[in-house]
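What follows is a short report on a single structure.
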Amino acid sequence: AKGSVAYSLADIQGTKIPSHPILFSLLLAPFATSFPLQEIRLLALLSGLIGLWFLARLLLSLKISFLATVACFAPAAFFLPALPYYFLALPEILLFALVCISFWNVLSTTGDKLSHFYPGIICSCLAPFVHLRGLPLSVAIAAYLIVKFGARRSPAIPWSSMLANVAIYCAAGAAFLAYNQAVYGHVFGSVTTARPFYNMDSLSAIFFNWRH
């Protein structure tokens, strides 16, 4: 990396590597040479609106009260910092959409086959690649499906579906670690390029600090 680009990269043992998650930016990059920045930001807005659409579908499928629906939907749609961030190419915007699609799929689907949950599985497997904060989503969806299939007693526990679910997430986890090592130089990704992963302050900021 040379020039101004180098200032956005972390220097780890003499190697320039990204200091922030890059997947969302890579998805937007093909449009950068053909469209102005304002129009590219509309793609980020679109991903946020897709997330809101699936959040609304999930809430309507749960058949909860109107006040409960508004209480769940309004913070995601109107309150800070959500709305202003929809116009920025931040990975959390895409992550938000993946979270909404995943929970919409697994909580509103009435099917009993693993294939019925492929949208949630795919989105939850992609989430950690978008940002490390997506890791809890992967764990939550994987655990939910294992419990869901394991709780069946009639006609029998679908062991093939459970084992396939475990295999999918193990493969996704291995790919996630390999991707991080190749792109960021550490299995835990860009967290370590800007600040040590083992630092508890870094962990609390990543998962709990409202500014992040």
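The values are calculated or read from the model by the stated rules, or taken from the named source; none is laboratory data. As the structure is a prediction and not an experimental result, all values here were calculated from the model. Note: ideal-geometry Cβ built from the backbone for every residue, glycine included; neighbour counts use all protein chains shown. For accessibility, only protein heavy atoms count, side chains too; no ligands or nucleic acids. Shrake-Rupley method; radii C 1.70, N 1.55, O 1.52, S 1.80 Å.
Mind listing whichever residues of the stretch 62-104 are small (Gly, Ala, Ser), touching a Leu at 6+ places or on another chain (Cβ under 7 Å) and modelled with pLDDT of 85 or more?
Ser102
Can you tell me how many residues in the stretch 47-63 are open to solvent by 90 Å² or more (accessible area, probe 1.4 Å) and either within 19 Å of the chain's Cα centre (by Cα) or in contact (Cβ under 8 Å) with a residue 24 or more places away in the chain (or both)? Steps first, answer last, please.
Kept after step one, since they are open to solvent by 90 Å² or more (accessible area, probe 1.4 Å), are these residues of the stretch 47-63: 53, 57, 60, 63.
Within this subset, residues satisfying the condition of being either within 19 Å of the chain's Cα centre (by Cα) or in contact (Cβ under 8 Å) with a residue 24 or more places away in the chain (or both) are 53, 57.
Summing the residues that are open to solvent by 90 Å² or more (accessible area, probe 1.4 Å) and either within 19 Å of the chain's Cα centre (by Cα) or in contact (Cβ under 8 Å) with a residue 24 or more places away in the chain (or both) in the stretch 47-63 gives 2.
Looking at the stretch 184-197, can you tell me whether even one residue there is assigned to a helix (DSSP H, G or I), open to solvent by 70 Å² or more (accessible area, probe 1.4 Å) and either of a type outside the set (Lys, Arg) or modelled with pLDDT of 60 or more (or both)?
No; the residues of the stretch 184-197 include none that is assigned to a helix (DSSP H, G or I), open to solvent by 70 Å² or more (accessible area, probe 1.4 Å) and either of a type outside the set (Lys, Arg) or modelled with pLDDT of 60 or more (or both).
Starting from the stretch 168-180, keep only residues that are hydroxyl-bearing (Ser, Thr, Tyr), then list their pairs with residues that are in a helix (DSSP H, G or I) whose Cβ atoms are within a distance under 6 Å, requiring at least 6 positions of separation or different chains.
Tyr169/Ala142
Could you look through the stretch 85-130, keep only residues that are closer than 16 Å to Gly51 by Cα and not in a helix (DSSP H, G or I), and pick out the one that is least open to solvent (accessible area, probe 1.4 Å)?
Tyr86
Return only the number of the condition from (1) part of a loop (DSSP other than H, G, I, E, B); (2) open to solvent by 30 Å² or more (accessible area, probe 1.4 Å) that Lys148 does not satisfy.
(1)
Scan the stretch 30-46 for residues that are small (Gly, Ala, Ser) and either under 16 Å from the mean Cα position of the chain (by Cα) or modelled with pLDDT under 80 (or both) and jot them down.
Here is the first cut: in the stretch 30-46, the residues small (Gly, Ala, Ser) are 32, 34, 44.
Hits for the stretch 30-46 are Ala32, Ala44.
Starting from the stretch 120-137, keep only residues that are touching a residue at least 40 places away in the same chain (Cβ under 8 Å), then list their pairs with residues that are open to solvent by 50 Å² or more (accessible area, probe 1.4 Å) and of a type in the set (Val, Ile, Thr) whose Cβ atoms are within a distance under 8 Å, requiring at least 6 positions of separation or different chains.
What qualifies is Ile121/Ile168; Cys125/Ile168.
With respect to Val139, is the statement that it is under 29 Å from Ile22 (Cβ atoms), out of contact with any helix residue (DSSP H, G or I) (no Cβ under 8 Å at 6 or more places or on another chain) and modelled with pLDDT of 90 or more true?
Here the answer is yes, as Val139 does meet what is asked.
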